[in-house]
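Below is one structure, written out as structure tokens; comments come after it.
The values are calculated or read from the model by the stated rules, or taken from the named source; none is laboratory data. Please read these numbers as outputs of a predicted model, since none were measured by experiment. Don't worry about glycine lacking a Cβ; one is built from the backbone with ideal geometry, like all the others, and counts go over all protein chains shown. All accessible areas refer to the heavy atoms of the entire protein, side chains included, with ligands and DNA or RNA removed. Shrake-Rupley method; radii C 1.70, N 1.55, O 1.52, S 1.80 Å.
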Amino acid sequence: MKVSIIPERCIACGLCQTYSPVFDYDDDGIIKFDSSENLQKTFSDDPNILQAVKECPTKALLLD
Ligand code: SF4
């Protein structure tokens, strides 16, 4: 599954990393992937990542 992040929408709440460590933050607490500067990344199916996408309050995480 492909996950996209939209940093402009992120309010630095820190919720997504409580579901999965694939989500990391820059110095201002804004979303980035832990191992990549890209805004889109492909993962194996993972219910924790799916939950993070679902729970993000500003829809800064999207499934493609
Ligand atoms: S849950 Fe959404 S708003 Fe909160 S830190 Fe993650 S991407 Fe940003």
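What's the total number of residues in the stretch 51-64 that are assigned to a helix (DSSP H, G or I), open to solvent by 30 Å² or more (accessible area, probe 1.4 Å) and either among the charged types (D, E, K, R) or near the ligand (Cβ under 8 Å from one of its atoms) (or both)? Before you say what the answer is, go through the steps one by one.
Residues of the stretch 51-64 that are assigned to a helix (DSSP H, G or I), as a first pass: 51-55.
Then keep just the ones that are open to solvent by 30 Å² or more (accessible area, probe 1.4 Å); that gives 51, 54-55.
Next, only the ones that are either among the charged types (D, E, K, R) or near the ligand (Cβ under 8 Å from one of its atoms) (or both) stay: 54-55.
Total satisfying the criteria: 2.
Can you name the residue in the stretch 37-64 that is hydroxyl-bearing (Ser, Thr, Tyr) and under 14 Å from Lys2 (Cα atoms) and is also nearest to the chain's Cα centre (by Cα) among such residues? Show your work before the answer.
First, pick out the residues of the stretch 37-64 that are hydroxyl-bearing (Ser, Thr, Tyr): 42, 44, 58.
The next check asks that each one be under 14 Å from Lys2 (Cα atoms); those that pass are 42, 44.
Working: Thr42: 12, Ser44: 15 Å.
Checked the stretch 37-64; the qualifying residue nearest to the chain's Cα centre (by Cα) is Thr42.
If the Cβ limit is 6 Å and pairs must be 6+ apart or interchain, which residue in the stretch 1-18 that is under 14 Å from Asp46 (Cβ atoms) pairs with which residue that is in a helix (DSSP H, G or I)?
Cys16/Ala52
Just one of the numbered conditions (1) out of contact with any helix residue (DSSP H, G or I) (no Cβ under 8 Å at 6 or more places or on another chain); (2) more than 10 Å from the ligand (Cβ to nearest atom); (3) not in a strand (DSSP E or B) is not true of Asn48; which one?
(1)
Restricting attention to the stretch 8-34, report how many residues are more than 8 Å from the ligand (Cβ to nearest atom) and either of a type in the set (D, E, K, R) or open to solvent by less than 80 Å² (accessible area, probe 1.4 Å) (or both).
Kept after step one, since they are more than 8 Å from the ligand (Cβ to nearest atom), are these residues of the stretch 8-34: 8, 18-22, 24, 26-28, 32-34.
Checking the rest, the ones that are also either of a type in the set (D, E, K, R) or open to solvent by less than 80 Å² (accessible area, probe 1.4 Å) (or both) come to 8, 19-20, 22, 24, 26-28, 32-34.
Residues in the stretch 8-34 being more than 8 Å from the ligand (Cβ to nearest atom) and either of a type in the set (D, E, K, R) or open to solvent by less than 80 Å² (accessible area, probe 1.4 Å) (or both): 11 in total.
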